[in-house]
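Working notes, beginning with the structure itself.
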Amino acid sequence: LNLRITQNMTHTISPTLYLHFLSTPVKLLSIVGRYGYMWEDINHSGDGGLYAELLQNRALQGVIPNTGAALQGWQSINGAFLTVTAGTSGVSSALPNSLQVSIPKTAKGPIRFANTGYWGINVQAGWTYTGSLYVKSPGYCGSVTVALQSASGTIYDSVTLSNVKDTYQKLTFILSPTNSAPDHNNLFTVTVDGAAAAGQTLYFGMFSLFPPTFRGRENGLRMDLAQALFDTSPKLWRFPGGNNLEGQTWEQRWKWNETIGPLENRPGRVGDWGYPNTDGLGLMEYLDWIEDLEAVPILGVWAGVSIGNYSDLPDWPIVPQDQLQPYIDDVINEIHFITDPENTSEWAALRAEYGHPAPYNLTYIEVGNEDQFAPDSYQAYRWQMFVDGINASFPHLSLQFLATSPPSLPLDPPYLKIDFHQYSTPGWFINNSYMFDTYPRNGTQWFMGEYAVTGTETGCELGSPSCGRLLYPTLEGACAEAAFMTGMERNSDVVFASAYAPSLQNVNSYQWTPDIITFSARSVAKSVSYYNQQLFATNLGTHVLATIPEPSPSTAPLYWVASHHATNQLVFLKVVNTGSADLVGNLFFDFPVIGGFGTAQQLSAGLYPTPGVYNISNTLETPDVITPVASSFGIVDSSEFNYTFPQSSITVMTFAVD
Ligand code: AHR
């Protein structure tokens, strides 16, 4: 059975596109569903983002006591004096800091302090907010009242908690607003009766306030953000970094064992992106989320290098060979914790105690991050010691390892998968959409582990907005990414997977643009690149179909890939037009399309097709400028039709076939 599609262009570029359906060569997609995300806490993507905790700096982790910065997120109302202290015993050994609240001797009436949330709190009628705090006072044994209120004082709900004692007690509460706040300019407040508490000191620690979470998981994820990510059907989740795996120093690296179990046991850490990480979103929360996504984890493991300013460090930044083994042992313990069968080890017992008796799936281990910056030691011993050391402990798991060194660097054992990162211009992605057509078929596979169009000017891809750095993904950038993705999908025998990065951006505090989703405490903006990822990932066959011709520089500015879903009997044709003119294609099929029609989903400038619009973006203020538009179209004789691919557009067509 040969299926043929021909596309004749109305312009000088007139490629023809033939699909040879189920003829050779036909490629099997290398993993089922190959699009996903690289994840780390950057831009408050985790704390203040996907992690649903509403209170910022809830346990005063990773801050220096007695400094103004330690009070991030906290503010006094009506004269209470706030400071962060380590001078009293903390909630736990992992959480030594307390919020010290001194009530003036002359206090009368309500004395209050507030948490501002992560730049606001989303107060919704009908939501149940589950909260807790630790409190103690050497001289005050009255009550404290907690509330959700607007910044101007409207109380949405409050609860009074009695019985403050002289040692830390955990008090729990539920807040159930019956009215929604008009905006996110809201606070979580704690109030004491000034007259009763005058002259006294209260200490607080480990606050928490959760709204309803995605799938109702305790200590879970923010519903709208999780749903947005879920809706792109990611099939891989690379975590926990990125730079945020590495630490500014060895000691500050991401430590898996400090991210599990009761929140009181998690010290948090100084993250690599300039703010403390609570580690409430820890190893098991990630793995649970990956299970919810039905995705596969790509677990990044610390490989002996930190990213700090090396010259300021007392130690050489790369762990010497004779000191590396403890770090490998640490990863081995982590993998035991993740994968040991139920009831077979102390690690499996601990995992069960923390709520997940069954082992998690784990196949892919990524050794380090961007070790092109430290290739010599990677080649000399780090890669080998991690791969051989881990493999020796888990011969039954058939683990697969991803290298992060330069692709040209020979490694022993040879790498079979390599993670490569590219942040660049639209031109780079368009020009390289063919790069995998000539990738050697030698058993190695490529992981596009981080990529995005980040700027418009070569040489300034990660520079400032004044030299073309994007603040939000643009239509032009998304089209370039899409053109590149057609090349990845077409060559999915050698492109193992890909991950757009970074993922989320809290618009109030961020370190990196552009990002695929931008959000505030209450709103979410899905970018054009988001919709592009969604279109590609949710319209994916099981096999790539060869086309004649395949896209090449002579068929630019059209880029395409076709795939066939063997179970659903659907053919998907993704066509990207990166040019500035509409192009009409005459498509001929060699097979009958059932029903004599196809459907299309399209991203384009739509209502805004004027010159210069290719830089348009969805933003928090205008989130829906570019969204997929669905349509259907007839096919003459069940095998032929014309289709106009608009300037700067991404079109995904679906056809039912026998
Ligand atoms: O995605 C942002 C950063 O870019 C990652 O942390 C790092 O791996 C890359 O350099």
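Throughout, read-outs are computed from the coordinates displayed, never taken from laboratory work. Because the structure is predicted, anything quoted here is derived from the model rather than measured. Virtual Cβ from ideal backbone geometry, glycine too; neighbours counted across all protein chains shown.
Entry note, the range 537-590: relative contact order of 32 percent, from Cα contacts under 8 Å with a spacing of 6+ residues. Among beta bridges identified by DSSP and lying wholly in the range 336-463, the antiparallel ones come to about 0 percent.
Beyond 33 Å, what share of the Cα-Cα pairs of the chain remains, rounded to the nearest whole percent? Summing the P(r) of the chain above 33 Å gives 52 percent of all pairs.
Go ahead and run the numbers for FRET between Glu621 and Asp224, Cβ-Cβ distance against an R0 of 22 Å, rounding to 0.05.
0.80
Per-residue ellipticity at 222 nm, computed for the chain from helices alone with -39500 (n - 2.57) per DSSP H run of at least four residues, works out to -4000 deg cm²/dmol. When each of Thr167, Thr619 is scored by the number of other beta-carbon atoms lying within 10 Å, the sequence from fewest to most is Thr167, Thr619.
Sorting check: for 443-454, 352-363, which peptide has the highest mean count of neighbouring beta carbons within 10 Å, and how do the rest follow?
In descending order of packing, they fall as 443-454, 352-363.
A straight Cα-to-Cα reach below 22 Å connects Lys235 with the lysines Lys27, Lys417, Lys526, Lys574, residues fewer than 8 places away in its own chain not being considered. Of the peptides 517-526, 456-465, the order by per-residue mean of other Cβ atoms within 10 Å, starting with the highest, comes out as 517-526, 456-465.
Between Asp493 and Thr160, the distance separating the two model label sites (each 7 Å from Cα on the Cα→Cβ line) works out to 7.5 nm.
Could you check what % of the DSSP bridge pairs in the chain are antiparallel, to the nearest 5?
Beta bridges within the chain, antiparallel portion: roughly 75 percent.
Which whole-number percentage describes the relative contact order of the chain, with Cα contacts under 8 Å and a sequence gap of 6 or more? Averaging sequence separation for qualifying contacts and normalising by length gives 16 percent for the chain. Shown for the chain: cysteine residues without a partner Cβ closer than 4.7 Å, namely Cys141, Cys479. The Asn78 and Ser408 beta-carbon pair, evaluated with R₀ = 56 Å, returns a calculated FRET efficiency of approximately 0.30.
In a fully extended conformation the segment linking Ala125 and Ala581 would gain 159.3 nm over its present Cα-Cα distance, using 0.36 nm per residue. Working from label points 7 Å from Cα in the Cα-to-Cβ sense, the Asn343 to Gln384 distance is 4.3 nm.
On the beta carbon distance between Val629 and Ala196, with R0 = 51 Å, the FRET formula returns roughly 0.25.
Which whole-number percentage describes the relative contact order of the range 253-411, with Cα contacts under 8 Å and a sequence gap of 6 or more?
For the range 253-411, the relative contact order is 21 percent.
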